[in-house]
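The values are calculated or read from the model by the stated rules, or taken from the named source; none is laboratory data. Predicted model, so just to flag it, every value in this text is computed and none were measured. Quick reminder, even Gly has a Cβ in these numbers, built from the backbone with ideal geometry, and neighbours come from all protein chains shown.
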Amino acid sequence: MITTSTGVSSFLTVEQVAARYNCSVDSIWRWKRNGEFPAAVRIGRGATRWRLEDLIKYESKFQACMMVDGTFLLEIPAFMDQDDTEESL
């Protein structure tokens, strides 16, 4: 596995991506299948990963605002259905 200078893996599993977006693994696969999410990379037989840099670039397309407590509230992507938005709240 390749890591960055900060020790963070530059490839993420579908479980790690789902945790990053606080959604289900099925949602990640659905967004990918619908073409609404960065493309995954096959790194071997039965091994699919997402490049961290692709996810960061994807995230930069969304507006963010800072909450009073210093946390960030990301704009919910339009392709997320109602069930997905309720999971993340």
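For Thr6, the requirement of being of a type in the set (S, T, N, Q), assigned to a loop (DSSP other than H, G, I, E, B), out of contact with any Cys (no Cβ under 6 Å at 6 or more places or on another chain) and modelled with pLDDT under 95 is met.
How many residues are in a helix (DSSP H, G or I) and out of contact with any Phe, Trp or Tyr (no Cβ under 9 Å at 6 or more places or on another chain) when one looks only at region 40-54? Result for region 40-54: 2. Take the residues of region 55-66 that are part of a loop (DSSP other than H, G, I, E, B) and over 19 Å from Ala19 (Cβ atoms): which is modelled with the lowest pLDDT? By that ranking, first place goes to Gln63.
Evaluate the following for Asp69: is it at pLDDT 90 or above and exposed (fewer than 13 other Cβ atoms within 10 Å of the Cβ)? It is false that Asp69 is at pLDDT 90 or above and exposed (fewer than 13 other Cβ atoms within 10 Å of the Cβ). Just one of (1) surrounded by 13 or more Cβ atoms within 10 Å (Cβ to Cβ); (2) polar (S, T, N, Q); (3) modelled with pLDDT under 90 fails for Ser24. It is (3).
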